[in-house]
Structures are given as structure tokens and as C-alpha cells.
Amino acid sequence: MSEMRSLEEALTATYDNLDRLSPRDVSAFWAVVPKFLGGRGPRTSNQQQQTEQKFHQFDLILTKSIQEIDQYGYRELATLAISLAKIIDKMSKRKGHPAEGSSHQVLQDLIGENKQFIFKEIASASVPILYEFNPRHLSNLIYSFGLAEEVVLVTDGSSTFFDMLAEVSIPNLYKSNGQDLSNMLWAYANVKVSNSQLFEQAGDSIVAMDMDNLNEFWPQALSNTLWAYATLNEQHAKLFKKVGDHIVHLPNLESFNGQDLSNTVWAFANTGQSHPQLFNKLADEAIKRQHEFILTTTNS
């Protein structure tokens with residue numbers, strides 16, 4: 001699937017072989033869709049007919065994905081969830097109306113209008129096998145619900161799927177790398193769902209990391225982690241000191257973009273955490289790159 005040169009080629013190949021494809025094959029198709037999504041596609045004399053055909057193809061693949069979702073293992077569920085969430089995110093960030101007949105417009109009608117139902121089905125299929133998820137795929141599953149901004153209520157109506165995900169995640173936090181931890185915490189903050197036990201123990205696991213493991217955090221992952229704590233008003237002074245010290249000892253901040261710098265400052269200020277050395281370093285960097293902050297805003 002990764003060798004496909006266009007979304008149309010991947011769509012046709014998947015549709016033509018749909019009856020023979022496994023859940024892994026179908027989830028792999030959805031994984032390539034966000035990579036190709038965005039183009040207008042060629043306009044032809046039979047545009048309406050092609051649009052109807054494209055809608056039918058996507059609709060059948062999506063229907064198969066949901067109807068057979070109980071057959072999916074944890075890898076396929078995580079892949080399906082994060083792929084659909086990325087499609088939704090791309091659609092939400094697109095400026096203006098999608099071109100008539102484009103894949104973007106077709107997916108808006110199919111996935112955008114049925115987002116709540118789709119993610120409820122993914123949650124329902126995931127619950128029986130949640131403890132089979134490894135840390136990477138569990139993080140991807142959590143991130144997908146945060147990116148799609150879907151908070152699914154579980155059967156008792158008093159808790160959410162995010163509560164269940166936290167319960168499963170906590171024992172595995174020490175196995176998670178920096179990017180996985182950051183994505184997980186960001187997801188909770190993005191939907192404004194707090195879980196103090198998760199944030200406390202995730203912070204503890206980051207504080208316990210040695211320098212090599214902390215270097216696994218990309219600048220965006222560091223800033224998003226701090227942003228998540230500040231957004232949900234989750235206090236963890238040792239975490240902020242650890243991350244602040246780490247940033248101070250970096251040789252330079254060239255890999256931090258304006259958003260990373262802005263979110264880091266905002267997070268420290270919003271949680272009342274003081275770190276003079278960090279503030280001085282960030283201020284010096286901001287002065288050197290002040291042109292980057294004209295259009296930069298925080299995620300808050």
C-alpha cells in the first residue's frame with residue numbers, strides 16, 4: 001500500500017480487492033489516506049459520475065471497516081483510529097470549502113458527518129482487548145481520540161473511555177518513550193479530560209528518566225507535555241524542574257520553533273512554576289527570533 005502513487009490508485013486497488021482483504025490490509029489503506037489527502041484531483045467531463053463512484057468506493061470500505069471491527073486486533077484498531085483521526089484533523093484545518101468531487105469533500109461527507117458513531121464503534125471494539133495493547137499502540141489509540149476530539153461515555157454513563165484508557169496505561173508508563181507519553185498527555189488536555197493519577201505517575205516516570213531517555217523527547221513533545229499539565233491545571237513541580245533543567249542544558253534551541261517556545265513559557269507561567277535560568281534562555285532565544293512570534297499563538 002505504501003508504494004501507491006496516488007490516493008485514487010490506493011482507493012481503486014482496495015475497492016477491487018475488498019472481499020479478499022484482511023483487517024490489517026484495510027487498516028493499512030486508511031493509514032495512507034492522510035498522506036495523500038489535500039489535492040484537488042483532476043477535473044474531467046464526467047466529474048459527477050466520478051464523484052459518485054469515489055463516494056461509493058470510500059463508503060463500502062468504511063462500511064466494511066466498521067462492520068468487521070470486532071475482528072480487528074489491537075494493532076489494526078490503533079491504526080484505524082489514528083488514521084481516521086488524522087483525516088478528521090486535516091479536514092478541520094483546511095481553509096475554505098473542499099473542491100467539489102475531491103476526496104476531501106467525499107470524506108467530509110462520510111467521516112466528518114459520522115465521526116461520533118465511528119469512534120464509539122472503535123471504543124466498543126477496543127474495550128475487550130485493551131490489556132493486549134502494547135504501550136505504543138495504546139498511546140496511538142489515546143492520541144486518536146484526543147485528535148478527533150471524541151469523549152465516548154462507557155456503559156454506566158458515569159465514566160468515559162478516557163478513564164478506562166488511563167487505568168490500562170498507568171502500569172505501562174515506564175515502558176513508554178517520550179513521544180508516546182507526550183501524545184497521551186496531549187490527548188487528555190485537548191479534550192479537557194483530566195485524570196490526576198495518570199498525570200502524576202506519567203510525570204514521575206519522566207522525572208525518573210535519565211538524560212538519554214529525556215533526549216528522546218522532540219521539542220514539540222516537551223512543550224506539549226508541559227502544555228497538557230498547564231491546560232488541565234495538573235501540578236507536578238518535579239516534572240517542570242526536570243524539563244526546565246533539560247532545556248537549560250541544551251547547547252542551543254534551534255530545534256524549537258516559535259510555538260514550542262511560546263507553549264513552554266505559557267505552561268510555566270500558568271502553573272506558577274519558577275525557573276529563572278530557563279526564562280532567561282527562552283527570552284534570549286525569543287529576542288533573536290522575534291519575527292517568528294508575530295503570528296504565533298499558544299494552544300491555550
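The values are calculated or read from the model by the stated rules, or taken from the named source; none is laboratory data. The shown structure was predicted, so the numbers you read here are calculated from the model rather than taken from an experiment. With ideal geometry, Cβ positions are generated from the backbone for all residues, glycine too; neighbour counts draw on all protein chains shown.
For region 207-235, the set of residues classified as hydrophobic (A, V, I, L, M, F, W, C), under 10 Å from SER182 (Cβ atoms) and either surrounded by fewer than 18 Cβ atoms within 10 Å (Cβ to Cβ) or in contact (Cβ under 8 Å) with a residue 40 or more places away in the chain (or both) consists of TRP218, ALA221, LEU222, LEU226, TRP227, ALA228, listed by residue number. Residues satisfying the criterion are present in region 158-174 (criterion: under 22 Å from GLU121 (Cα atoms) and either touching a strand residue (DSSP E or B) at 6+ places or on another chain (Cβ under 7 Å) or assigned by TED's automatic domain parsing to the domain that holds ALA123 (or both)). Restricting the first member to region 52-66 and to residues that are more than 13 Å from GLU121 (Cα to Cα) and in the same structural domain as SER103 (by TED's automatic domain parsing), and the second to residues that are small (Gly, Ala, Ser) and assigned to a helix (DSSP H, G or I), the beta-carbon pairs closer than 7 Å and six or more apart or on different chains are LYS54/SER103. Taken together, SER124, SER139 contain a single residue that is of a type in the set (Gly, Ala, Ser), surrounded by fewer than 20 Cβ atoms within 10 Å (Cβ to Cβ), closer than 28 Å to PRO34 by Cα and not assigned by TED's automatic domain parsing to the domain that holds MET209, which is SER124.
Just so you know, in region 154-206 the residues that are touching a His at 6+ places or on another chain (Cβ under 9 Å) and crowded, with 16+ Cβ neighbours inside 10 Å include one that is farthest from TRP218 (Cα to Cα), and it is PHE199. Taking every residue in region 129-153 that is within 13 Å of GLU76 (Cβ to Cβ) and pairing it with any residue that is charged (D, E, K, R) and assigned to a helix (DSSP H, G or I), at least 6 positions away or on another chain, the pairs with Cβ-Cβ distances below 7 Å are HIS137/ARG75. Scanning region 243-261 for residues that are modelled with pLDDT of 95 or more and farther than 13 Å from GLN277 by Cβ gives no hits.
Number of residues in region 255-279 that are closer than 13 Å to ALA230 by Cα and outside any helix (DSSP H, G or I) equals 2. Each residue in region 194-218 was checked for being farther than 20 Å from SER169 by Cβ and modelled with pLDDT of 95 or more, and 0 pass.
A count restricted to region 54-83 and to residues that are in a helix (DSSP H, G or I) and over 12 Å from ASN140 (Cβ atoms) stands at 17.
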